[in-house]
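First up is the structure itself, then whatever we jot down about it.
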Amino acid sequence: MKNTKISLIILLIISSFSVSAQENTRWLSLQDVIEIAKKQSPDALMAKHRFRSSFWEYKTFKADYLPSLQFNGILPNINRSIDPEKDDGVIVYKENNLLEADLKMKLTQKIGITGGEFFVQSGLNRTENFKDSTVITFYSTPINIGYSQPIFKYNAYKWDKKIEPLKYLEAKSKYLEDVEQISITAVNHFFNLLLAQIDKKIALKNRSNYDTLFHIAFGRFNLGKIAENELLQLELNLLRAQSSVETSELNLENITFIFKSFLRIKDDENISLITPLNTLHFDVPVQKAINEAKKNASTGLDFEKRLLQAASEMNFARLNNRFDADLYAVFGLNKNGPSFSDAYKSPLDQQQLTLGISIPIVDWGLAKGKMKLAESKQDLVITSVEQDRIDFEQSIYLNVMQFNMQKNQLFIAAKADTVAQKRYEITQQRYLIGKVNDVLELNNAQIDSDRSQKEYSRTLQAYWVNFFELRKLTLYDFEKDRIILFNINEIQE
């Protein structure tokens, strides 16, 4: 009676631990893991920060082309000094005792097409001799309208208007590719952990099976029905199975840590994975994949950007250090007077027109050398882009062909797993009833069974990696037949 009570207590304790472990176990599908990775993995956070940086860089570029209003003020400028002045060829020293205030407001607008700048400004200056407070002068410029235009210089504004929007489109595509890469990384972490869990289950199963087989064989050996070397082989298999359990447990613990670290999951949660048996199968046209990649992928945009940058550098080398001219024109009103009102009463008009030229006489071939160097760089970029385009299209072709054959590969792997498992079960049962006496045949069946089970999981992993790799290369969802997009507002939160 006492022993029965003790047994019941032990059974209740074991059951409570089992229920607690089940409650603390988190079951995750492949889609769950991908969604968690997209939301909170370090890779997802870094991808968001990179895109935000590109977003604000583009916003800064656009703001640079908007009208700019600037206020400048000097309040005050006190100048008490003795300065030399010439008076009929004689240097005399004059004492300055000035209190000056200066206010200016300026509106500027860049003209991207021409590379010039249009401006409107207004200002007021007040100067007072604080040694003699009666000497006060106001000088006003109610309005000045001007335009500054380099005539033959390199126009950075024009090239930036072509390159910067392309860089921003490339950043958007790169962010989408980063998201798909996060999915690929999540797939690899998922299947690494799944294979580690499978390894442990196989190791535990093999240890249990070989323990049973060893004890049966030991009884047969005592009856003289099997040779000693067969018993020793089974004992060796049992020892190896015990070692495999310890190795698989350590490997599972290490991979679980890496998995949780990537997903930033609490360490006290037990993770069990659900094998993704349902797969999506559809044929992807090769030419459609190539066309979508050219339009959507950052690689295709990078080709255009590199060609534009090379052309920009070539244009800079052609126009720099050569004949140059600058045009500066201003029309406005100004007036001075002893009081504020006088400074704005009946202002006088003013005009200014300046044309400056620069002509290099001797540069010892400097400009020509820079132009030839830029030409060489441009030719190199053109050749490199042409080859990169060929390689890019080839990589898409191979990925599409590999994806299209995945259905058959999965069928073969699943069939091989089923056949291997069945063969092992039959061989084991035949050995248990004594119809198979060769332990080597049993070993081979067990090895094939373990290998095929893991090979099926690896084939599933290859399928899902290839699935998301195709999305990353083309930024196109072939399952739903639409371009992959994202909401910028969600990234800015």
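The values are calculated or read from the model by the stated rules, or taken from the named source; none is laboratory data. Being a predicted model, the structure only gives us computed values, none of them experimental. Because the Cβ atoms are built from the backbone with ideal geometry, glycine has one as well, and the counts that use them run over all protein chains shown.
Hey, does the range 362-382 have a residue that's touching a helix residue (DSSP H, G or I) at 6+ places or on another chain (Cβ under 7 Å), assigned by TED's automatic domain parsing to the domain that holds Phe138 and either within 28 Å of Gln149 (Cβ to Cβ) or not in a helix (DSSP H, G or I) (or both)? No. Could we say that Pro276 is loosely packed, with under 14 Cβ neighbours inside 10 Å and of a type outside the set (A, V, I, L, M, F, W, C) here? The answer is no for Pro276.
Hey, does the range 231-252 have a residue that's free of Cβ contacts under 8 Å to residues at least 24 places away in the same chain and closer than 24 Å to Asp43 by Cβ? Among the residues of the range 231-252, not one is free of Cβ contacts under 8 Å to residues at least 24 places away in the same chain and closer than 24 Å to Asp43 by Cβ, which makes the answer no.
The set of residues in the range 127-138 being free of Cβ contacts under 8 Å to residues at least 40 places away in the same chain, part of a strand (DSSP E or B) and either buried (at least 16 other Cβ atoms within 10 Å of the Cβ) or hydrophobic (A, V, I, L, M, F, W, C) (or both) consists of Thr127, Glu128. Here are Ala297, Ala293, Ala310, Ala289: which of them is at negative phi and outside the structural domain of Ala186 (by TED's automatic domain parsing)? Just a single option satisfies the conditions, and that option is Ala310.
Tell me, which residue of the range 82-120 that is among the small types (Gly, Ala, Ser) and surrounded by 11 or more Cβ atoms within 10 Å (Cβ to Cβ) is farthest from Ala325 (Cα to Cα)? The residue in question is Ala101. Before we move on, is Lys305 over 30 Å from Lys368 (Cβ atoms) and either basic (Lys, Arg) or in a helix (DSSP H, G or I) (or both)? Against the criterion (over 30 Å from Lys368 (Cβ atoms) and either basic (Lys, Arg) or in a helix (DSSP H, G or I) (or both)), Lys305 does not qualify.
Taking the conditions (1) modelled with pLDDT under 85; (2) farther than 29 Å from Phe411 by Cα in turn, Gln242 satisfies each one other than (1). For Asp342, work out the one condition from (1) part of a helix (DSSP H, G or I); (2) in contact with a Leu (Cβ under 6 Å, 6 or more places away or on another chain); (3) of a type outside the set (S, T, N, Q) it doesn't fulfil. Tallying (1) part of a helix (DSSP H, G or I); (2) in contact with a Leu (Cβ under 6 Å, 6 or more places away or on another chain); (3) of a type outside the set (S, T, N, Q), Asp342 fails exactly one: (2). Taken over the range 149-181, the criterion of being among the hydroxyl-bearing types (Ser, Thr, Tyr) and assigned to a helix (DSSP H, G or I) is satisfied by Tyr157, Tyr168, Ser173, Tyr175.
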